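Down below is the structure, laid out as structure tokens.
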Amino acid sequence: MITIITNNELSTGIETSKRADGRAFDELRPIKIEAGVLKRADGSAYLELGGNKILVAVYGPRELHIRRLMQPNRAVLRCRYNMAPFSVDGRKRPGPDRRSVEISKITSEALSPAVFLEKFPRSTIDVFIEVLEAEGGTRCAGITAASVALADAGVPMRDIIVSCAAGKADGQVVLDLSETEDKEGEADMPIAIMPRTGEITLLQSDGHLTSEEFEKALDLAINGCKKISEEQKKAILSRYG
Amino acid sequence: MHLGGQSVIFVEDKEIVIPGDILADEDYHAGRGTFKENNKITSSLVGLVAIRDKNISVIPLQSKYIPKRGDVVIGEITDIRFSMWNLDINSPYSGILPASDVFGKEKRDLSKAFNVGDVLFLRVVDVDEVKKVKLGLKGRGLGKFRGGILINITPTKVPRLIGKKGSMINMIKDETRCEVTVGQNGVVWVKGKPDMERVAEKVINMIEEQAHTSGLTDRVRNMLFELLGKEKPLEKQEETEETEETEETEETEETEETEETEETEETEETGEEEEDGEELIQ
Amino acid sequence: MVTIIPEIIRESITNLVKNGERSDGRAFYEYRGISLETGVIEKAEGSARVKIGNTQIMIGTKPQIGEPFPDTPNVGVLMTNSELLPMAAPDFEPGPPDERSVELSRVTDRCIREAGVVDLDKLVIIEGEKVWMIFLDLHVLDYDGNLIDAAVLGSIAALINTKIPETRIEDGEIIVDHEKMISLPVKEKALMTTFAKIGGELIVDPSLEEEQIMDARISIGIREDGSICAMQKGGANPLTKEEVIMAISKSQEITKELREHLPKN
């Protein structure tokens, strides 16, 4: 009974080297990161990547009131990934859904290896990731922004974790999939690394990749991460002139 | 890069670094805010490099207060329990003040001495391995504050606020004629005429924002004179009423500067202690 | 987890107010710096980012086609929801809306609805069957005092900014034409102003500290013509009749000034 006329461009799959948005296969979307954007939080960061708009706040280390979660000899790192109802095309009902719960878990696992949790027994470090607008790759953008927020909060870390996705769209292995590429593409592979050592702290894959394609995608993603890492550093340092 | 024999250092004193930045090779001593990995000394914080002889450390620009035995802190009573008060000391770790510190062996009603919402100047008596904190009131100048306002600064900026031999804090006290007590946990108490309290607050907030820069002392002096030029009342200024807590200010400035903090940290990556009076920047 | 306000702070703020001053140097009826940007979220059909002092709320509107409420079959639907995000304050916890969050969304909704801000009559597609439902979502990012005034100011801006696709009926089918976007019919710009009672005085736009120690507060919603569309008293202590009347009379001038911040459309 309802017909919808849209003006969204559908990818035609005609382009082989250039992607639907004109990017090269190894090109990131435009990125901007700012640290220290909230008043109450101990640390915060705002990140834009393509059409993604992510805001992250960190509280902690702080007292943990839920005794059963407390660790006697280290801090716990609790992450909460959440999407605003207006962040997507069809309004998302407020509250955690299963996807958010999974992303929260893997985010925490991506960040923990970098944090000196043992310095703060019986406490919690809370990371709140809010997607204000989504355009493909929000979990990676969230992790990248969370690292900046943790540094901004003065949480001691071994390195600034950075995250990026590569995958396959229109038969080509590409870096940093847009929303359309993610929806219509053949594979999506988000990763997170410790830039100094190259160690991988997040790895997921969704779709179909041969082992050669996987290696290509991994290299692309790692290089993408290194470029994003420069932006993280700039954001942290620009607070101090 | 500086080559001194075999030691290699990649940064300069007072340079701003971030977590993961490599500072020097392992011939240097890994101080506070750094860790050793793969024969390199690496920063774990966003902060300023401090090189003293062969010791490299990073003074954080943002941090939480972690209680250390011997520190003097300003805390607020948040709970009264059986034979103790619970206090918020601006830290992930709260502290307890045993009733015996006030009442000795006598059994008394705790709320007769201190109540929820009271703000006290205390000493950190002991911190155990899981950071349970015991506070005490035995010591000159410790006790309950009356009146005044509270300002929070980053704990690592306290030495900057105090200044070399108290120069910065004394300048503020003298010009605003306020009593000022600085807790090592980053809480500052100021008491004077209300407009002078606000002048002191503005100046302290500026020091907090600019602690990592040089030339700060001059800018603080200029700001004080500017604010006071507007605020200067008629020639005679009434002496602010001295309450029983005022002795805290003079004596405690000395105690803060002269006492050495004891080595208590086990879980520190490096086992290094911050020296009292150590400056964020000269 | 409740923050306990030190007695020193309570005394200091109260004494200042009794002397006609406030701890941040503002006058009694003065707002902190206000900033209001619209169209900040492209995926939202309408959006606004409002800041009063450091209090910051991101607001988005999402229209959907749905069924009208059974008792009002000939008007569209407005649904307001607010999230006091855990990032906004150390004592905000994740989870379903608590009483503060529910109060914020209901008071905002009441002001907008009773003032007739959105012309709901114009949102009917098929009477009794299909209407536009406008979801207004308040995402509180940073809490530094006075959420209500920020929420209402930002909501009005977001609603003014909202565009919905034109609809028409062809052969019994509803055609939703995203290539023809029209402005949401907004016919009234009511705003709310909040007073906190401290030391026997009423002061506007309480800061965080002022809110933490206030005896009571009253928020008044005023239409463009100066009439009252909503009121909400908060806080555990009473207000006198004179105080309420004073607040009402002050709020008429104050909301006029606040309205200057709205985008002219």
Problem set entry | Least to most buried among C:Tyr31, A:Tyr59 (fewest other Cβ within 10 Å first) | C:Tyr31, A:Tyr59
Problem set entry | Loop trypsin sites (Lys or Arg not before Pro), the stretch B:1-61, which have at most 16 other Cβ atoms in a 10 Å radius of their Cβ (DSSP) | B:Lys14, B:Lys54
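Can you give the longest run of chain C that contains no GluC sites (Glu not before Pro) sitting in a DSSP loop with at most 14 other Cβ atoms inside 10 Å? All intermediate terms of the calculation are to be shown ahead of the outcome.
Values: sites that count: C:Glu30, C:Glu42, C:Glu127, C:Glu129, C:Glu224, C:Glu260.
Maximal segment without exposed cleavage sites: C:130-223.
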Problem set entry | Calculated log₁₀ intensity ratio I(q)/I(0) where the Debye formula runs over C-alpha points of the stretch C:105-189, q = 0.11, 0.17, 0.18 Å⁻¹ | -0.38, -0.77, -0.84
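Which whole number gives the average, over all residues in C:135-145, of C-beta atoms from other chains lying within 10 Å of the residue C-beta?
Neighbouring Cβ atoms belonging to other protein chains average 5 per residue here.
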Exercise. Rule-of-thumb check for chain A: C-alpha Rg over 2.2 N^0.38 Å?
Worked result: 1.04
Exercise. Hey, could you pull the Cα Rg and Dmax for the stretch B:1-112, both in Å?
Worked result: 21.3, 66
Exercise. Once the Cα gyration tensor of the protein assembly as shown is diagonalised, what are the square roots of 5 times its eigenvalues, in whole Å and ordered largest first, as equivalent ellipsoid semi-axes?
Worked result: 46, 38, 22
Seminar exercise, completed: Helix-only [θ] at 222 nm, chain A, -39500 (n - 2.57) per DSSP H run of 4+, per residue, nearest 500, equals -8500 deg cm²/dmol
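What does the structure give for C:78-86 when I average, per residue, the other chain Cβ atoms found within 10 Å of the residue Cβ?
Mean shielding by partner chains, rounded to a whole number: 3.
What do the square roots of 5 times the Cα gyration tensor eigenvalues come to for the stretch C:89-149, in whole Å, largest first, as semi-axes of the equivalent ellipsoid?
After diagonalising the Cα gyration tensor, the semi-axes are 30, 14, 9 Å.
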Exercise. Which shape class applies to the stretch A:31-167: rounded if a/c is under 1.5, otherwise prolate when a/b exceeds b/c and oblate if not, where a ≥ b ≥ c are the square roots of the Cα gyration tensor eigenvalues?
Worked result: prolate
Problem set entry | Among C:Pro97, C:Pro70, C:Pro238, residue whose mean-square fluctuation peaks in a GNM of chain C (springs only between Cα atoms under 10 Å) | C:Pro70
Exercise. Three principal axis extents, largest first, for the C-alpha atoms of the stretch B:59-133, in Å?
Worked result: 44, 24, 18
Problem set entry | Between 0 and 90°, nearest 10: helix A:211-237 axis offset from chain A longest Cα axis | 50 degrees
Exercise. How crowded by other chains is B:42-51, given as the mean number of beta carbons from other chains within 10 Å of each beta carbon?
Worked result: 4
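Compute the Rg to Rh ratio over the stretch B:161-229 from the alpha carbon atoms, using the Kirkwood formula for Rh, and round to two decimal places.
Radius of gyration relative to Kirkwood radius: 0.92.
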Problem set entry | the stretch C:20-59: C-alpha gyration tensor shape, a/c 1.5 cut-off, then a/b vs b/c | prolate
Exercise. Does anyone have the angle between helix C:7-18 and the longest principal axis of chain C? Alpha-carbon axes, 0 to 90°, nearest 10?
Worked result: 90 degrees
Seminar exercise, completed: Note to self, chain C gives a 222 nm [θ] from helices alone (DSSP H runs n ≥ 4, -39500 (n - 2.57) apiece, / all residues, nearest 500) of -8500 deg cm²/dmol
Exercise. What is the order of A:Ile129, A:Ile228, C:Ile34, fewest Cβ neighbours within 10 Å to most?
Worked result: C:Ile34, A:Ile228, A:Ile129
For this session: With just the Cα atoms of the stretch C:7-259, tell me how far they stretch along each of the three principal axes, in Å, largest first.
Result: 71, 36, 29
Problem set entry | Sum of side-chain charges, C:Ala216 neighbourhood, beta-carbon under 14 Å (Lys, Arg +1; Asp, Glu -1) | -2
Exercise. In degrees, nearest 10, range 0 to 90: what is the angle between the Cα axis of helix C:241-259 and the longest Cα principal axis of chain C?
Worked result: 60 degrees
Exercise. Too long at a 26 Å Cα-Cα cut-off: which of B:Lys36/B:Lys134; A:Lys92/C:Lys233; C:Lys51/C:Lys189; A:Lys226/B:Lys157; A:Lys119/B:Lys134; A:Lys39/A:Lys234?
Worked result: B:Lys36/B:Lys134; A:Lys92/C:Lys233; A:Lys226/B:Lys157
Seminar exercise, completed: Interchain or sequence-distant (5+) residues whose placed amide H lies within less than 5 Å of the amide H of C:His178 are A:Ile5
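Only the coordinates and a few stated rules stand behind these numbers; no lab work does. No experiment lies behind these values; they were computed from the predicted model shown. Every residue, glycine as well, gets a Cβ built from its backbone with ideal geometry; the counts of neighbours run over all protein chains shown.
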